[in-house]
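*Asks:* Pasting a structure here, questions to come.
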Amino acid sequence: MADRSFLEWPFFDDRHRALADQADQWAAENLRSIDHGDIDNACIHLVRELGKSGFLNLTAVDPEAGNPSLDVRSLCILRETLARHDGLADFAFAMQGLGTGAISLFGSEAQKRGWLPRTRAGQAISAFALSEPQSGSDVANIALAARRKGGDFVLDGEKTWISNGGIADFYTVFARTGEGEGAKGLSAFIVPAATAGLSIAERIEVVAPHPLARLSFDNCRIPESSLIGEAGKGFAIAMAVLDVFRSTVGAAALGFARRALDESLKRVCERDLFGAPLFDLQMVQGHIADMALDIDAAALLVYRAAWLKDMGAKRVSREAAMAKLFATDQAQSVIDKAVQLHGGDGVRKGSVVESLYREIRALRIYEGASDVQKVIIARQTMASLTGG
Ligand SMILES: Cc1cc2nc3c(=O)[nH]c(=O)nc-3n(C[C@H](O)[C@H](O)[C@H](O)COP(=O)(O)OP(=O)(O)OC[C@H]3O[C@@H](n4cnc5c(N)ncnc54)[C@H](O)[C@@H]3O)c2cc1C
């Protein structure tokens with residue numbers, strides 16, 4: 001049973017504690033028997049089940065509610081809980097939020113009504129298409145062109161590393177519309193998967209399998225009503241979405257780390273070495289202490305960033321960057337210690353800690369690599385000093 005004492009911290013309300021209980025129970029009852037053999041079908045099945053459970057309502061605003069907003073602490077609690085039980089379930093949940101984030105935050109009423117009731121119900125799958133072969137970390141370098149033609153936009157170019165690529169019903173696509181240089185000339189669009197000219201150029205396999213693809217846009221025509229927010233504001237829209245969802249990546253890392261600690265505690269109690277449980281060795285206790293400390297420190301940073309956002313902070317770039325950087329890097333370290341404590345079983349294919357070891361790695365790369373988070377933190381720290 002994972003440590004739940006953090007739920008007593010002042011960041012949370014009773015509804016968060018109730019949500020954590022409900023999510024944990026649902027995950028225990030529903031995720032054990034998920035077959036990951038066919039990753040696309042497993043992911044579609046998970047989205048449908050998460051939709052039926054009601055948890056996907058947290059991932060996007062309700063278009064029928066007055067002045068709706070996303071509750072970042074709830075998103076984090078869900079991601080942490082799902083990641084502790086099943087990495088693919090966390091992925092399926094998270095992508096429904098990331099893929100619709102631009103619509104929730106900047107979409108028109110028609111765009112919200114058109115897509116969000118379906119993504120919240122698990123009946124439509126969304127994706128966030130920002131990265132390109134030449135612009136992963138360098139977002140301002142996006143080349144995919146969106147040119148005005150008649151009343152429409154015509155998209156030409158490529159996106160890559162797109163999660164849910166191949167199973168998504170629509171993509172939130174960031175493209176160059178050219179209102180200004182670099183970051184000032186980008187816009188965000190909704191592109192349904194069935195649009196003529198949009199195709200899957202390549203399916204990409206990664207160490208922890210999930211649906212991922214390179215997309216090709218060839219003379220892909222979409223109506224002007226597909227534009228999310230204002231033309232030329234695409235970069236700001238992407239950054240605002242990441243400002244919400246970056247802390248949740250830290251929360252997923254936290255879930256993986258908590259599972260690694262749970263598995264390790266079980267292991268060091270059950271495994272006898274030199275005539276006593278492994279736990280009796282003080283160096284082992286040192287590992288356990290380091291793991292527990294890293295987890296609590298990561299949780300403090302994750303839930304600080306989430307709480308600040310929920311309290312109405314306009315931007316939490318520094319806090320979200322700290323949360324993502326620390327939680328993902330330290331989860332890698334916690335999981336590595338768990339593998340070590342499991343000995344040969346730690347690298348046995350199919351063991352829990354072996355899969356955690358694969359699951360955690362990409363989190364230090366996507367939604368801004370660890371190095372990029374350091375740049376954000378350094379710049380924000382300098383700006384706060386100089387009043388910039
Ligand atoms: C599993 C997975 C899922 C993904 N899902 C999505 C998705 O759904 N949508 C999407 O748009 N993208 C997605 N991505 C893409 C991801 O966001 C990019 O891979 C990431 O931004 C890094 O870009 P890149 O791969 O081009 O690496 P590069 O930009 O070439 O960077 C390589 C490395 O250079 C270093 N680096 C980069 N910039 C700096 C800097 N400023 N200072 C110091 N060092 C630096 C970092 O170590 C970085 O890892 C996904 C990637 C993976 C692996």
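The values are calculated or read from the model by the stated rules, or taken from the named source; none is laboratory data. Owing to the predicted nature of the structure, the values given are computational and were not obtained by experimental measurement. A quick note on method: Cβ atoms are made from the backbone with ideal geometry, for glycine too, and the neighbour counts reach across all protein chains shown. Keep in mind that these areas ignore ligands, DNA and RNA; they rest on the heavy atoms of the full protein, side chains included. Shrake-Rupley method; radii C 1.70, N 1.55, O 1.52, S 1.80 Å.
*Asks:* Restricting to segment 336-355, and then to whatever is within 16 Å of residue 88 (Cα to Cα) and open to solvent by 20 Å² or more (accessible area, probe 1.4 Å), can you tell me which residue is nearest to the ligand (Cβ to nearest atom)?
*Replies:* It comes out as 355.
*Asks:* If the requirement is being open to solvent by 30 Å² or more (accessible area, probe 1.4 Å) and either modelled with pLDDT of 95 or more or more than 30 Å from residue 193 (Cβ to Cβ) (or both), which of these qualifies: 231, 260, 320?
*Replies:* Matching residue, one of 231, 260, 320: 231.
*Asks:* Go through segment 276-291 and report how many residues are open to solvent by less than 40 Å² (accessible area, probe 1.4 Å) and assigned to a helix (DSSP H, G or I).
*Replies:* 5
*Asks:* Assuming residue 386 fulfils every condition listed in (1) open to solvent by 20 Å² or more (accessible area, probe 1.4 Å); (2) within 16 Å of the ligand (Cβ to nearest atom); (3) of a type outside the set (Gly, Ala, Ser) apart from one, which condition is it?
*Replies:* In the conditions (1) open to solvent by 20 Å² or more (accessible area, probe 1.4 Å); (2) within 16 Å of the ligand (Cβ to nearest atom); (3) of a type outside the set (Gly, Ala, Ser), residue 386 misses (2) alone.
*Asks:* Among the residues of segment 351-371, is there at least one that is touching a strand residue (DSSP E or B) at 6+ places or on another chain (Cβ under 8 Å) and not small (Gly, Ala, Ser)?
*Replies:* The answer is yes; a qualifying residue exists.
*Asks:* Sticking with this one: For segment 96-110, state whether one or more residues are within 12 Å of the ligand (Cβ to nearest atom), charged (D, E, K, R) and loosely packed, with under 15 Cβ neighbours inside 10 Å.
*Replies:* Looking through segment 96-110, none of the residues is within 12 Å of the ligand (Cβ to nearest atom), charged (D, E, K, R) and loosely packed, with under 15 Cβ neighbours inside 10 Å.
*Asks:* Take residue 328 and tell me if it is within 16 Å of the ligand (Cβ to nearest atom), in contact (Cβ under 8 Å) with a residue 60 or more places away in the chain, more than 20 Å from residue 249 (Cα to Cα) and of a type in the set (S, T, N, Q).
*Replies:* Criteria not met by residue 328.
*Asks:* Say whether the condition of being crowded, with 16+ Cβ neighbours inside 10 Å, polar (S, T, N, Q), within 16 Å of the ligand (Cβ to nearest atom) and in a helix (DSSP H, G or I) is met by at least one residue in segment 118-125.
*Replies:* So far as segment 118-125 goes, yes, one or more of its residues are crowded, with 16+ Cβ neighbours inside 10 Å, polar (S, T, N, Q), within 16 Å of the ligand (Cβ to nearest atom) and in a helix (DSSP H, G or I).
*Asks:* State whether one or more residues within segment 5-15 are basic (Lys, Arg), out of contact with any helix residue (DSSP H, G or I) (no Cβ under 6 Å at 6 or more places or on another chain), assigned to a helix (DSSP H, G or I) and more than 16 Å from the ligand (Cβ to nearest atom).
*Replies:* Yes, some residue in segment 5-15 is basic (Lys, Arg), out of contact with any helix residue (DSSP H, G or I) (no Cβ under 6 Å at 6 or more places or on another chain), assigned to a helix (DSSP H, G or I) and more than 16 Å from the ligand (Cβ to nearest atom).
*Asks:* For residues that are in contact with a helix residue (DSSP H, G or I) (Cβ under 8 Å, 6 or more places away or on another chain), open to solvent by 40 Å² or more (accessible area, probe 1.4 Å) and touching a residue at least 60 places away in the same chain (Cβ under 8 Å), tally how many sit in segment 356-371.
*Replies:* 3
*Asks:* So which of 128, 91 ends up being under 23 Å from residue 196 (Cβ atoms), in contact (Cβ under 8 Å) with a residue 60 or more places away in the chain, within 15 Å of the ligand (Cβ to nearest atom) and open to solvent by 10 Å² or more (accessible area, probe 1.4 Å)?
*Replies:* On inspection, the qualifying residue turns out to be 128.
*Asks:* A follow-up question, please. Is it true that some residue in segment 73-85 is among the β-branched types (Val, Ile, Thr), at pLDDT 95 or above and touching a Ser or Thr at 6+ places or on another chain (Cβ under 7 Å)?
*Replies:* Among the residues of segment 73-85, not one is among the β-branched types (Val, Ile, Thr), at pLDDT 95 or above and touching a Ser or Thr at 6+ places or on another chain (Cβ under 7 Å), which makes the answer no.
*Asks:* Of all the residues that make up segment 142-173, how many are more than 15 Å from the ligand (Cβ to nearest atom) and in contact with a helix residue (DSSP H, G or I) (Cβ under 7 Å, 6 or more places away or on another chain)?
*Replies:* 3
*Asks:* Could I ask something else about it? From the set of residues in segment 133-153 that are open to solvent by less than 10 Å² (accessible area, probe 1.4 Å) and part of a strand (DSSP E or B), which is farthest from residue 222 (Cα to Cα)?
*Replies:* Filtering segment 133-153 for residues that are open to solvent by less than 10 Å² (accessible area, probe 1.4 Å) and part of a strand (DSSP E or B), the one farthest from residue 222 (Cα to Cα) comes out as 135.
*Asks:* Show the residue pairs meeting these rules: Cβ distance below 8 Å; 6+ apart or different chains; first residue within segment 149-169 and over 21 Å from residue 41 (Cβ atoms); second residue among the hydroxyl-bearing types (Ser, Thr, Tyr) and within 12 Å of the ligand (Cβ to nearest atom).
*Replies:* Here the result reads 159/131; 159/171; 160/131; 161/131; 161/366, each pair linking segment 149-169 to a residue that is among the hydroxyl-bearing types (Ser, Thr, Tyr) and within 12 Å of the ligand (Cβ to nearest atom).
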